[in-house]
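First the structure, in the form of structure tokens, and then the observations on it.
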Amino acid sequence: MLRITDILDKAQSYLPAKELEMIEKAYIYSATVHQGQVRLSGEPYLTHPMEVAGILVDMKLDAATIISGLLHDTVEDTLTTQEQVEKEFGKDVAFLVGGLTKLSRISFGSQEERLAENFRKMILAMSADIRILLVRLADRIHNMRTLQYHPPDRRIYIAKETMEIYAPLANRLGINWMKMVLEDLAFKYLYPEEYSDLSRRIVKTKQSRDRYTDEVKNVIIRELEKLSIKGEVEGRAKHFYSIFKKMQEQHINFDEVYDLIAFRLILDSDNVKTCYEVLSSVHALWKPVPGRFKDYIAMPKANNYQSLHTTVIGPYGERLEIQIRTKAMHEWAEKGIAAHWKYKEGRTFEHDEDTQIKKLRETLEVQQEIKDPREFMSNLKLALFPEEVYVFTPNGDVRAFPKGATPIDFAYSIHSDVGNQCIGAKVNRNIVPLKYALQNGDRVEIITQIGHHPSKDWLKYVVTTRAISKIKNWINLEKKKSSLALGRDLLDKEFKRHGLKFTNLVKAEEIKKIFVEYGVNSLDDLVSQVGYGRISPKQVVNHFLVEDTSKTPVPVLEKVKKKPEAVPSLGISLTGIDDVMVKFAKCCNPIPGDDIAGYISRGRGITVHTRNCPHIKNLDIDRIVDIDWNVREKHAYPVHIKIVSDDRKGILTEISSTISSFDVNISYAQVETIDMIATCNFMIDVNDLKQLNQILSAIKQLKSVKSIERIRKS
Ligand code: MN
């Protein structure tokens, strides 16, 4: 068991005495609160925080991190509160322990592999300080080292979680050694047979491998001496999991894995050029394998790893993998982010480290000058995961959203029906308003109600494109539905007023011409355009009004074409245009002498209305033309007149004979008597307005006639 003196011995090499005291105090505190607790191994619980602190001190991390390692399970597993930690050890430590407590409450193992990336991001996002993750990773390493005390199914669960979440997380942070340790530990439990086979072979071949390693190393060292370049040469077997992966990916067995050993040249020089110089002499020594050279110096990996990689054909015709890098690059490659959190005093690579951070910053395109390490971390996180929040579904799945996302965004991410019928939300079991901005780690539950609808206001609260488009879709669909109903209503009414039935007319040829005229594709389209108010119902009905009002629609154009000879006799002239087809509107029945206007109907010539006809006001003004009467010979034009008189015997005969005295034909007559008042409707064919006025005044002279008027349909 690791003792506190071991930790303090290591810490005193780089930490001041005052901080050593705090570490010792934390040790005593942890020992006190964990008193009586035991691990599954039967050892006192304290061994665990001690081992974790041991890993952290080996990484030369600052005192707050080591203290947090000693205390990391106290709030979660003992009666200690975060307030007590703060009182005893200060804000910094309390903050780290608080973050560790939060993280320890999340379990990841049961998740689908595809979600692992989300979890990694979420852990990062939830760790306000990267030191929380460093302690968490150290914690995981010790737990993996003592995994054999768990029951078998727990072992698999934890190992899988380690492989899918924690090892990639270590890689993300650039802490290569942690990644390798975690992968190998997980590999051991996930593929026990392959692991033991591989380790047996590696042990068995150790002697010959060592001999081979020494031989190659010596060749390289001699080469460096020739160039007078100082540096170290390492030859190490790769970690088990990477060998295993290589065998699997390339479908080869152990004996074929020549590049079991990776050689590493760590140069004292800071000069990047030296790396390339060494590379070229290595390539002169052994033939490079084409396509295997990778320049991670010019193009660093996402975690800012830098190195030159090449594979050459070695002394025995075997493949030989060589990495070339500077000391600073090596430090970063091994320790990654953790290098930044090393205790600052007495740091040997200060200059190099600053260069690395600068490079990292450039890589991440963080613009600001970085003064504060915390600012550095938050910038790093922002650059790695721009503006995202991670929340849980009630099933424990993780979903990522842009910052500012609300429960409505969440609801739509589940299903559009859930979104549409969303009436409320619970976050961490409390009701929140729908405009609540989701926070990292929130557990979100949506309350729905069948038949509930989205509201236009929601568009103000959502940020995901999915939610925005779904809400807009719904609103448009609803608008279309209601405008369809309204349009049909308007058209029904309008047609009814003209004694027509819209539903009968929709099958007419004429309707297709209307489609073309208004640029619509279907009847629904036309009807909804009327509902939107883009086309007036009168515009539609006018297409059917020119001909007679019989119930069946008449294909107007065809009828007109059949008797073009009727046109010149109508007595209308239009300036500049000859041979124009003319119709008289049934609504106002114009007669010569009336002030008139023409309306151009596409393909149907001109429809003549009186200027004061109410219909003409609804027509497209651009298609109204000035026309004049040009009566060369007499024609009869139908006019509707209405006469109201006392109901006395012989009145109808008197009116009829008065009309006839003008040599005018009566085409229709109808009398209605109510309460001794007679209302007579006549259709008469007159030559012009003058004749009509004569007739009207003559009738007015008749005894008992109260009023007389010309009727226009409105
Ligand atoms: Mn722990």
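Where a number appears in this text, it was derived from the coordinates with a stated rule and is not lab data. Treat the numbers as computed from the prediction; the structure is a model and nothing was measured. Here the Cβ is made from the backbone with ideal geometry for all residues, glycine too, and neighbour counts use every protein chain on show.
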**Asked** How much FRET efficiency would the formula 1/(1 + (r/R0)^6) give for residue 221 and residue 269, where r is the Cβ-Cβ distance and R0 is 22 Å, rounded to 0.05?
**Response** 0.90
**Message:** Less than 19 Å from a label point 7 Å out along the Cα-to-Cβ axis of residue 146: which backbone N atoms in the range 15-33 qualify, by residue?
**Reply:** 26-33
**Asked** Tell me, in nm to one decimal, what length is gained between residue 475 and residue 232 on full extension, where the rule is 0.36 nm per residue of separation less the Cα-Cα distance?
**Response** 80.6 nm
**Request:** Place a +1 charge on the Cβ of each Lys and Arg in the range 588-710 and a -1 charge on the Cβ of each Asp and Glu, then give the dipole magnitude about the Cα centre in debye, rounded to the nearest 20.
**Result:** 20
**Simple label model, 7 Å out from Cα along Cβ direction - residue 459 to residue 525, nm** = 2.3
**Separation of the residue 675 and residue 452 label points, Cα + 7 Å toward Cβ, nm** = 5.8
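In debye to the nearest 20, how big a dipole does the range 233-326 give about its Cα centre with +1 on each Lys and Arg Cβ and -1 on each Asp and Glu Cβ? Working shown, then result.
Details: 12 positive and 11 negative charges, 40 e Å.
Here the range 233-326 has a charge dipole of around 180 debye.
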**Message:** On a 26 Å Cα-Cα criterion, which of the cross-link pairs 179/403; 60/217; 479/512; 496/586; 206/246; 188/294 come out too long?
**Reply:** 179/403; 60/217; 188/294
**Request:** Only loop residues by DSSP count here, and only those with at most 13 other Cβ atoms within 10 Å; note down the trypsin sites (Lys or Arg not before Pro) in the range 683-714 that meet that.
**Result:** 703
**Message:** Per 0.36 nm of contour for each residue apart, how much would the distance between residue 79 and residue 696 grow if the chain were fully extended, relative to their Cα-Cα spacing?
**Reply:** 211.2 nm
**Request:** Scan the range 488-528 for trypsin sites (Lys or Arg not before Pro) in coil per DSSP, keeping those whose Cβ has at most 15 other Cβ atoms within 10 Å, and list them by number.
**Result:** 501, 507
**Prompt:** Rounded to the nearest 0.05, what FRET efficiency is calculated for residue 611 and residue 647 with R0 set to 35 Å and r the Cβ-Cβ distance?
**Reply:** 0.45
**Message:** Please report the spacing between the Cα centers of the range 439-476 and the range 38-74 in Å, no decimals.
**Reply:** 46
**Asked** Ranking 629, 458 by Cβ neighbours within 10 Å, fewest first, what do you get?
**Response** 629, 458
